[in-house]
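The values are calculated or read from the model by the stated rules, or taken from the named source; none is laboratory data. In this text, all values refer to a predicted model and were calculated from it rather than measured experimentally. Here Cβ is always computed from backbone atoms with ideal geometry, including for glycine, and neighbour counts include all displayed protein chains. Areas reflect the complete protein model, heavy atoms only, side chains present, ligands, DNA and RNA absent. Shrake-Rupley method; radii C 1.70, N 1.55, O 1.52, S 1.80 Å.
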Number of protein chains: 2
Amino acid sequence: MTGSAETPLFGTVAFVGIGLIGASLSLAIRRHGLAARTVATARRQETLDTALRLGIVDAASTDMAETVADADLVMVCVPVGASGAVMRAMAPHLKPGAIVSDVGSVKCAVIADMLPHLPEGVALVPGHPLAGTEFSGPEAGFAELFEQRWCVLTPLPHTPKDAVERVAAMWRAVGSNVDTMDPEHHDRVLAITSHLPHLIAYTIVGTATDLGADLKQEVIKYSASGFRDFTRIAASDPVMWRDVFLNNKEAVLEVLQRFTEDLTALQRAIRRGEGDTLERHFTRTRAIRRGIIDAKQA
Amino acid sequence: MTGSAETPLFGTVAFVGIGLIGASLSLAIRRHGLAARTVATARRQETLDTALRLGIVDAASTDMAETVADADLVMVCVPVGASGAVMRAMAPHLKPGAIVSDVGSVKCAVIADMLPHLPEGVALVPGHPLAGTEFSGPEAGFAELFEQRWCVLTPLPHTPKDAVERVAAMWRAVGSNVDTMDPEHHDRVLAITSHLPHLIAYTIVGTATDLGADLKQEVIKYSASGFRDFTRIAASDPVMWRDVFLNNKEAVLEVLQRFTEDLTALQRAIRRGEGDTLERHFTRTRAIRRGIIDAKQA
């Protein structure tokens, strides 16, 4: 089941929130002819004006009820902490047979927040495209963002199979590889592959920010020696990431605890001058890099 | 003072150690005609065979005395922990007027280890090219490695000015921007821009390595969401980095202490659900990224 000019996958796709991810998906849907039209709602008129000016959607309104009323698919693309409020606000206006999906980096909390407000006859297909850049807003969107990236769907036991398959078909059509797993597992995997790396990058860049002004200028000047990669990650959207950490608290704190123990062990080895411990540790970590290269993810 | 086909900057340049950095520098020196010939010594014949086979140097021998005897410039390109032993071993064989330089990521400890063995009439110009990749060995070398990268020289008060200028001219000729600073300051700046980022990358990749086998496969599969950048850094040469941490202990431990305090503060904010603290921190860190982009280091 894929879209074509004659029979698009969806009639109207409505975006609630049209930042980097929503704008990129709307552009990709339009490029691949997956919907008859795409529309957007957001809190700020300025955001919608940008989306319209750049030809990202066919229509836009700050009125959420009006925007979702005719949608066959509603894509919730807001910071995860707002998911529950969005679902509650739009629930009375969704049409029977509609599908609601999302793009949040956390799945358990989003499901817990949205599910209580889900109307009868509407399907919820939680999802997470593993794609993004350090830039934010509709002007940062581009249609190729999801190509050859993973999209993880975390359907619930009672989610209708055909709704899951239509959302999966959309992601495949925009170039993604689709995987399905349970939400708890998703949140554990992402805590180590994404949430902890972001937290650490934010921390080290903050540590450098607190250095004296002279030293800070030199950190910028000589950033290519390792630090620079962290600053790119730490330039990601602050509100999105605030919500990720607040909503995947347990999994993040658990993996952070392991990280801190491991860092303390290396710190101790440095202080005591235990070269063998350091070398053994630094050699072990090469195996994962080889795995990533072998999996063609490098 | 730059090299040309008629008057190369140096007669013979000898490399003690011919891994990624030494091989790249020899290739760059040859490409730009900066020396009449380059030669290398290393502990393992296999390494030298590779360097000869790939046309990296004109001659090579495991006999250090023989290799450095005729050199106008000796580039010490070994893990920093070996610098003192190298200087002691080659000192009796250096010719008067020779210059010894190095490429170590740590400067205070290297100077402390080398200086006591420096013969009368030989100049020591400690240096550090801020360039590298996650690959090691002579086969990883390439002549363009130093182009548009910084090279920091940390001359001592009694280092002859003309020796410093000739080494600086060489680095400029291979495409680098040369800066001069005192060794203590170098070690502090590099502790935050390079050593701490590498330590943290090694730690997080190690934390992931210790996860169960199933989860580890998924970490590899979904590594593009942040983790991947860390694995590249953590694939760097283990022995080189062991020596960096052992030899820049004080500066690394000091900045690691600050980092740990900052990480603990964020951990506390996550546990207590303090969204404002997280958002404020994540917004502050954007300024450094802007600085890096403005400085054209991004």
So the label point sits 7 Å from Cα along the Cα-to-Cβ vector; using that for B:K161, what distances do you get to the other copies, in nanometres, sorted shortest first? 8.4
So between A:R172 and A:R280, what do we pick up on full extension, going 0.36 nm a residue minus the alpha carbon distance? 34.7 nm
Percent RCO, i.e. relative contact order, over chain A, from Cα pairs under 8 Å lying at least 6 residues apart: 17 percent
Please give the residues of region B:180-202, grouped as numeric ranges, whose backbone N is less than 12 Å from a label point set 7 Å along the Cα-to-Cβ vector of A:D214. B:182, B:185-186
Given axes a ≥ b ≥ c from the Cα gyration tensor, I'd like to know whether region B:10-181 is rounded (a/c under 1.5), prolate (a/b larger than b/c) or oblate. rounded
Charge-dipole axis of region A:10-181 as Lys and Arg at +1 and Asp and Glu at -1 on Cβ define it, positive-most pick from A:Q148, A:S26, A:M90: A:Q148
Can you show me the helix-derived [θ] at 222 nm for chain A, built from DSSP H runs with n ≥ 4 at -39,500 (n - 2.57) apiece and divided by the number of residues, rounded to the nearest 500. -14500 deg cm²/dmol
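Take peptide B:263-269, look around each residue's Cβ out to 10 angstrom, count Cβ atoms belonging to other protein chains, and average those counts.
On the way: counts 11, 3, 2, 7, 8, 0, 3.
The per-residue average across the peptide is 5.
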With a Förster distance of 35 angstrom and the Cβ-Cβ distance between A:K95 and B:T260, calculated FRET efficiency to the nearest 0.05 equals 0.10
Of the candidates B:A265, B:I293, B:H185, the farthest towards the positive dipole end of region B:185-294 (Lys/Arg Cβ +1, Asp/Glu Cβ -1, centred on the Cα centre) is B:I293
Inter-site label distance for A:R53 and B:L54 at 7 Å from Cα along Cβ, in nm: 5.1 nm
In debye to the nearest 20, how big a dipole does region A:12-147 give about its Cα centre with +1 on each Lys and Arg Cβ and -1 on each Asp and Glu Cβ? 80 debye
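Could you tell me the number of lysine pairs in chain A with C-alpha atoms less than 28 Å from each other, where the two lysines are 8 or more residues apart or belong to different chains?
On the way: A:K95/A:K107; A:K95/A:K161; A:K107/A:K161; A:K107/A:K249; A:K107/A:K296.
Going through chain A pair by pair, I get 5.
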In nm to one decimal, list the spacings between the A:T264 label point and its equivalents in the other copies, with label points set 7 Å along Cα to Cβ, shortest first. 1.0
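Excluding ligands, DNA and RNA, what is the solvent-accessible area per residue of the protein assembly as shown at a probe of 1.4 Å, expressed in Å²?
Heavy-atom SASA per residue in the protein assembly as shown reads 39 Å².
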With respect to the symmetry axis carrying chain B onto chain A, which residue of chain B exhibits the smallest Cβ distance to that axis, and what is the value in whole Å? B:D229, 2
Copies compared at A:D214 - label distances in nm, ascending, label defined 7 Å from Cα in the Cβ direction: 5.6
Taking max minus min of the Cα coordinates of chain B on each principal axis, largest first, gives extents in Å of 67, 43, 34
Roughly how many percent of the accessible protein surface of chain B is carbon and sulfur, given a 1.4 Å probe and a whole-percent answer? 50 percent
Assigned charges on the beta-carbon of Lys, Arg, Asp, Glu; the protein assembly as shown dipole about Cα centre (debye): 20 debye
